[in-house]
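Engineer: Below you'll find the structure I mean.
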Amino acid sequence: MASSVLDLVVAPVVPVVVLDDPADAVPLARALVDGGLSAIEVTLRTAAAPEVIRAIADGVPEAVVGAGTVLSPGQVDLAVGAGARFLVSPGWTELLIGAMRDSTVPFLPGVSTASEVVALWERGVREMKFFPAAAAGGVPYLRSLYGPLPQVRFCPTGGITDHSAHEYLALPNVPCVGGSWMLPADAVAARDWGRVTALARVAAGLRAVGVTCR
């Protein structure tokens, strides 16, 4: 088992997936993997999410599927039980951090302020989700955090596009970003998996982060 979420990321972008129909899970995941994006975050925003995670875990072994928008200990158990290999939350509490640690699955808690970063650093966390990235200060904010906290790495998510991703990835404390621009709603609705693969391939080429799944 990897000790960190970012050890699992072998591309500069983590696709953020929201699906209502579990039947789309496997072809969508295969499209992303074929495009070079193997770490896939399925958000727990729909009732179908656990089934989507399970379908990807069982049907696309090349994918590293995780659960996003994890908000409670119950959701931690639900996601891990469905086969999630990592957990991502938009924020954190002591209760949630404790449940994530107890799960033994790598996790990425969300932060948006320096105080939250320091509080997690005190608790031994060195890798965090920065959310909502664009609204919380974006590239300038993360650049400012690097000075006092160079040992912390971030995966910014929220408002990141194909046009802005490279600016985040140029920062020394950002090995990857999360986003959904390679999953346009019309392409998913039309099940145009070839288009998804093409967009994923462009995203995967933004920058290699130099880490491998272990």
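Only the coordinates and a few stated rules stand behind these numbers; no lab work does. Computed from a predicted model, the values in this text were never measured in an experiment. So basically every Cβ, Gly included, is an ideal-geometry build from the backbone, and we count neighbours across all protein chains shown.
Engineer: What is the fewest-to-most order of 54, 101 by other Cβ atoms lying within 10 Å of their Cβ? Each step should come with its number before you reach the end.
Structural biologist: On the way: 54 18, 101 14.
With the sparsest Cβ surroundings first, the list reads 101, 54.
Engineer: Relative contact order of region 1-119, please, whole-number percent, based on alpha carbon pairs below 8 angstrom and at least 6 residues apart.
Structural biologist: Numbers: 217 pairs, mean separation 26.0, N = 119.
Normalised by residue count, the contact order of region 1-119 is 22 percent.
Engineer: Gap in Å between the Cα centre of region 88-117 and the Cα centre of region 124-140?
Structural biologist: 13
Engineer: With N set to the number of residues, divide the alpha-carbon radius of gyration of region 92-214 by 2.2 N^0.38 Å and report two decimals.
Structural biologist: 1.15
Engineer: Here is a further query. For region 13-204, what number results from the quotient of the Cα radius of gyration and 2.2 N^0.38 Å? Numbers along the way, then the final one.
Structural biologist: On the way: Rg = 16.0 Å, N = 192, 2.2 N^0.38 = 16.2 Å.
Normalised Cα radius of gyration, region 13-204: 0.99.
Engineer: Still on this structure: How high is the relative contact order of region 13-204, in percent, with contacts defined as C-alpha pairs under 8 Å that are six or more residues apart?
Structural biologist: That works out to 22 percent.
Engineer: Grab the DSSP H runs of the chain that are 4 residues or longer, score each as -39,500 (n - 2.57), total them, divide by all residues and round the 222 nm result to the nearest 500 deg cm²/dmol.
Structural biologist: That comes out to -10500 deg cm²/dmol.
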